[in-house]
Amino acid sequence: MLADARGHGLRFDAPPGRVVSLVPSWTEALFALGRGGHVVGATDYCVHPSGPLSGVPRVGGTKNPSLERIAALRPDLVLANREENRRRDVERLEARGIRVWVSYPRGVQEALRDLRGLGEILDAAAAAGRIAAEVEAALARAAARARPVRYAALVWYDPFMLVGPDTFADDLLGHCGGVNPLGDACGRYPRVTREVLLALDPEVVLLPTEPYAFGAAERAELLALDWRPARESRVHIVEGELLSWYGPRMARALDTFSELLHGPA
């Protein structure tokens, strides 16, 4: 029996053969684990891997999935996440007798634990172990290069919203030497004014392509400000999934952000 992020234990007499994923990063992980053929439903935001997912039925968004569509797919298991999905949807699915595994990783080690747990549930422990070993090797590489570098990672532009403490992205960047100048009392994704953003005095600014689609225009505006990241041209547009998706992307994410913070190895 494996407990999910709520402490709810799940027991399976046989590995689930029909899985609906309400978490885009776990959808990608299912294919990386060699269990893509088990995916019978996914959200509209599940876009990786694009080719294999093209024929998978869609059940709506992460915040507004169709419970009727999910139930009609007769899943043995639904994958959910406390941050991305609504509690009431999880509870309504469980009230229908559908088993739901809820994750909530707020750091790389928690994500590795959940990845291994998912591998165990799906009889893919060996594949999960291989991915975890790649992530652990990347953690070692990042630790070997890490030195303190102040960063600001934006998740929204108008208003400015930043990655705060107690988030997966903050922990990921921390493993690479990233220092978040926001205090613990600010909340997980605080809104800040331009004046506060400048006063944080980051060395590096990261502009992920999701959830807000940062692009050249926003980068140009930030480079026009009188602050250290602009003077040193250290305002970077980054692949949004690398900053917020756990699963098979974590090793590349650690290598990428280590290079952005410290330069090429």
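Taken over the range 59-74, residues that are in contact with a Pro (Cβ under 9 Å, 6 or more places away or on another chain) and either under 24 Å from Pro211 (Cβ atoms) or among the β-branched types (Val, Ile, Thr) (or both) amount to 3.
All of Arg86, Arg106, Arg116 fail the test of being under 17 Å from the mean Cα position of the chain (by Cα) and modelled with pLDDT under 95, apart from Arg106. Just one of (1) of a type outside the set (Gly, Ala, Ser); (2) within 26 Å of Tyr189 (Cβ to Cβ); (3) surrounded by fewer than 20 Cβ atoms within 10 Å (Cβ to Cβ) fails for Leu79. It is (3). Summed over the range 198-245, residues that are in a helix (DSSP H, G or I), within 24 Å of the chain's Cα centre (by Cα) and under 23 Å from Leu172 (Cα atoms) total 6.
Look at Glu232 and say whether it is surrounded by 15 or more Cβ atoms within 10 Å (Cβ to Cβ) and not small (Gly, Ala, Ser). Considered against the rule, which asks whether it is surrounded by 15 or more Cβ atoms within 10 Å (Cβ to Cβ) and not small (Gly, Ala, Ser), Glu232 comes out as no. Scanning the range 137-192 for residues that are among the β-branched types (Val, Ile, Thr) and crowded, with 20+ Cβ neighbours inside 10 Å returns Val155, Val163, Thr167.
Being over 18 Å from Gly247 (Cα atoms) and exposed (fewer than 15 other Cβ atoms within 10 Å of the Cβ) is a property that does not hold for Gly129. Scanning the range 33-44 for residues that are in contact with a helix residue (DSSP H, G or I) (Cβ under 6 Å, 6 or more places away or on another chain) and closer than 17 Å to Ala125 by Cα turns up Leu33, Gly34, Gly36.
Every residue in the range 181-197 that is on the phi < 0 side of the Ramachandran plot and either of a type in the set (A, V, I, L, M, F, W, C) or in a loop (DSSP other than H, G, I, E, B) (or both), please. It would help to see each step written out before you state the result.
Let us first name the residues in the range 181-197 that are on the phi < 0 side of the Ramachandran plot, namely 181-186, 188-197.
Those that are on the phi < 0 side of the Ramachandran plot and either of a type in the set (A, V, I, L, M, F, W, C) or in a loop (DSSP other than H, G, I, E, B) (or both): Pro181, Leu182, Gly183, Ala185, Cys186, Arg188, Tyr189, Pro190, Val192, Thr193, Val196, Leu197.
May I ask you to verify whether Val56 is closer than 24 Å to Leu242 by Cα, over 17 Å from the mean Cα position of the chain (by Cα) and of a type in the set (Val, Ile, Thr)? The answer is yes for Val56.
The values are calculated or read from the model by the stated rules, or taken from the named source; none is laboratory data. Just so you know, these numbers come straight off a predicted model, no measurement behind them. Note that we place each Cβ from the backbone using ideal geometry, even for glycine, and neighbour counts take in every protein chain shown.
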